[in-house]
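The values are calculated or read from the model by the stated rules, or taken from the named source; none is laboratory data. Please read these numbers as outputs of a predicted model, since none were measured by experiment. Here the Cβ positions follow ideal geometry from the backbone for every residue, glycine too, while neighbour counts run over all protein chains shown.
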Amino acid sequence: MASKEYFEDKSRLYYENYLNHKCTKKVRGIILNEMGQILLLHSNKHHGFSIPGGTVEENESIKDTVIREVFEETGAEIIPIKIVGKYYHTSKNFNFEGHIFDSERVEYFYFCRFKGFKQENHGLNGEFDAGDVEIMFLDYEEAMTARLLKRDKSMIERAMNEFLLFKADQFDTDNSRNAEKKDWKKKKKF
């Protein structure tokens, strides 16, 4: 669960965007390791999973945001590969200092490759209560049966398709290199 200060800062941003008729941009990183496991956040209090990510700051690209947010929430370093989808939604009856409004948001979902953990610490900006969030890698089947939003499962499925295509391309490239080496060795013998 996020801290009170975190919610106040986000509420202020959503309210300012509402006043300026702006849609709040968010990004989530669907991170897969070499084995095709998906990095997710698990809340011990709510017994649910979520995809790491957050709000795009002013003058920040979506790619830079996903790198920053994933690192802040998990301590992981990633390589953003491709946007696999976006989702528009409205949070109804949002409240900031007694002002009730609808918050318009767009969330981009980025397929990312996992490089490694740079540090063990996560939730660096006070987004999580101490001991609430665990970082877990789940197999695809586990993720599809986990307590996740339906849209998140759909985006994970898209990212997994990209991962499989990426792996297939890598396999084809490796095989063609091996074939080229064999051809070169054959030619060298003559």
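Remark: pairs (first residue in the range 91-109, closer than 12 Å to residue 25 by Cβ; second residue β-branched (Val, Ile, Thr); Cβ separation under 6 Å; 6+ apart in sequence or on different chains) = 104/90; 105/24; 108/27; 108/62; 108/83.
Does at least one position in the range 81-90 carry a residue that is basic (Lys, Arg), closer than 27 Å to residue 144 by Cβ, assigned to a strand (DSSP E or B) and out of contact with any helix residue (DSSP H, G or I) (no Cβ under 8 Å at 6 or more places or on another chain)?
yes
Out of all the residues in the range 84-98, is one or more more than 17 Å from residue 152 (Cα to Cα) and aromatic (Phe, Trp, Tyr)? Yes, some residue in the range 84-98 is more than 17 Å from residue 152 (Cα to Cα) and aromatic (Phe, Trp, Tyr). Of the residues 101, 71, 49, the single one that is over 24 Å from residue 161 (Cβ atoms) and either over 11 Å from the mean Cα position of the chain (by Cα) or surrounded by fewer than 17 Cβ atoms within 10 Å (Cβ to Cβ) (or both) is 101. Checked against the criterion of being in a loop (DSSP other than H, G, I, E, B), modelled with pLDDT under 95 and of a type outside the set (S, T, N, Q), the candidates 120, 180, 162 yield just one match: 120. Applying the condition of being in contact (Cβ under 8 Å) with a residue 40 or more places away in the chain and assigned to a helix (DSSP H, G or I) to the range 49-64 and asking which residue is farthest from residue 108 (Cα to Cα) yields 63.
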